[in-house]
Amino acid sequence: RELLGDSSLDLDIEVLQGETGMDNEIRSSRIQKLGMVLAGYTGDIHPDQVQILSGSESYYLDTLSPEERGESIGRLKKHNICCILVTRGLEIPQELLRVSMESKIAVLRSGASSAVTIAKLSGCLEKRLAPRMTIHGVLIEIFGLGVLLLGPSGIGKSECALELVLKGHRLITDDYVELTRRGIDRLLGSGGSVLKHHMELRGLGIINIKELFGISATSVSKTVDFAVRLERWNSDADYDRLGLDQDSVEFLGVSVPLVAMPVAPGRNVATLVEVAARIHLLRQRGYRPLKTGD
């Protein structure tokens, strides 16, 4: 039911059988085709995935006798299939509608080709079903990199981000960062709709970055490339002075490179974060500042 209400899907889907099954849950962004099940192989069916019935499945059913077709479609009763999506506007056998109603399977139809349907459906489901979490921090785009500023409240994350905006970089979100895992090793960061393009600064209150500095100073979302953890200077701590240590922090099973940045009077944190971004870009190209011969 939620899938049909998603305007971003853009597939013009019609409901062939919706009396039952519209509240079934889709739990995976992967798509499966019904061909193997209809042919008798049911060992690898995933009932929580959208099942596609395309031209090849329709052609196979047309080659069967009425008894064989009824037996083939009847195999669907053994599985709690959440949904069947018919592509290319194909007509389907009445046996399928009957079995889907008995087994509470929603049957939908799109006029688009199988390739287009699967591509759009996969993208929509990946976005809706992707693991996500919310953290306290600031996300800013520096030299095309998504930099996540972490640290305790009052350490100066927002002030650092504001100075970076003044340097020409772009704010993604302040204070509230929603992280979404895309694929295996990609984290996408974005902000909420309530305080979009806004920043809280102690003494000034909540300011609108877009109105103050223009639309080019903000962006909606960005892949997180590395994180900077701001922490209060501790004279007893052993800070990295050679740039050899490679720390990381993990969110949603994705490891993100981490730079620990001590904050103390006289240290321009925004400039240091900007330099950290330049160093990260060099490392992506294989450059190591202390490599022999450099």
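The values are calculated or read from the model by the stated rules, or taken from the named source; none is laboratory data. Nothing here was measured: the structure is a model prediction, and the numbers come from that model. When we count neighbours, we look across all protein chains shown, and the Cβ atoms used for this are built from the backbone with ideal geometry, even at glycine. Areas reflect the complete protein model, heavy atoms only, side chains present, ligands, DNA and RNA absent. Shrake-Rupley method; radii C 1.70, N 1.55, O 1.52, S 1.80 Å.
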Top positive-direction residue, dipole computed over region 152-294 with Cβ charges, set Gly183, Val263, Val194: Gly183
field: Other-chain or far-sequence residues with amide H under 5 Å of Val228's (modelled H)
entry: Leu148, Leu149, Leu150, Val259
message: At 10 °C and a viscosity of 1.306 mPa s, what translational diffusion coefficient does Stokes-Einstein give for region 75-224, taking Rh as the Kirkwood radius over Cα pairs? Give it in µm²/s as a whole number.
response: 85
- line: By the DSSP-based rule, helices of the chain that are at least 18 Å long along the axis (C-alpha) and have a mean Kyte score of at least 0.0 are 114-129, 269-284
Two-decimal Rg to Rh for region 30-162 - Kirkwood Rh, Cα set: 1.27
field: For Lys196, distant residues with modelled amide H under 5 Å away
entry: none
- request: Find the accessible area per residue for region 88-194; the probe is 1.4 Å, ligands and nucleic acids are left out, and the unit is Å².
  value: 44
- request: Please work out the Cα convex hull volume for the chain and give it in Å³ per residue.
  value: 188
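Please work out the Kirkwood hydrodynamic radius for region 147-225, using every pair of different C-alpha atoms, and report it in angstroms with one decimal place. List each step's numbers first, then the result.
Values: mean 1/r = 0.0766 Å⁻¹.
Every distinct Cα pair counted, the radius reaches 13.1 Å.
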- line: Restricted to region 1-136, the DSSP antiparallel beta bridge percent, nearest 5, is 25
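Quick check for me: using +1 on Lys/Arg Cβ and -1 on Asp/Glu Cβ, what's the dipole size of the chain about its Cα centre, in debye to the nearest 20? Show your work: numbers first, answer last.
On the way: 35 positive and 38 negative charges, 135 e Å.
Around 640 debye, computed over the chain.
Can you tell me what share of the DSSP beta bridges in region 154-294 is antiparallel? A percent to the nearest 5 is fine. Before the final figure, lay out the partial values.
Numbers: 17 of 24 bridges.
That works out to approximately 70 percent antiparallel.
What fraction of the DSSP beta bridges in the chain is antiparallel, stated in percent and rounded to the nearest 5? Write down the numbers at each step before the final one.
Details: 35 of 57 bridges.
About 60 percent, rounded to the nearest 5.
Over the chain, what percent of the accessible surface lies on carbon and sulfur atoms, probe 1.4 Å? Intermediate values should be presented prior to the final figure.
On the way: 7890 of 16110 Å².
Solvent-exposed carbon and sulfur of the chain make up 49 percent of the total.
When the gyration tensor of region 1-81 is built from Cα positions, what are the square roots of 5 times its three eigenvalues, in whole Å, from largest to smallest?
Details: eigenvalues 117, 43, 32 Å².
Over the Cα atoms of region 1-81, the ellipsoid semi-axes are 24, 15, 13 Å.
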Computed Rg/Rh of region 144-294, alpha carbon atoms with Kirkwood Rh: 0.97
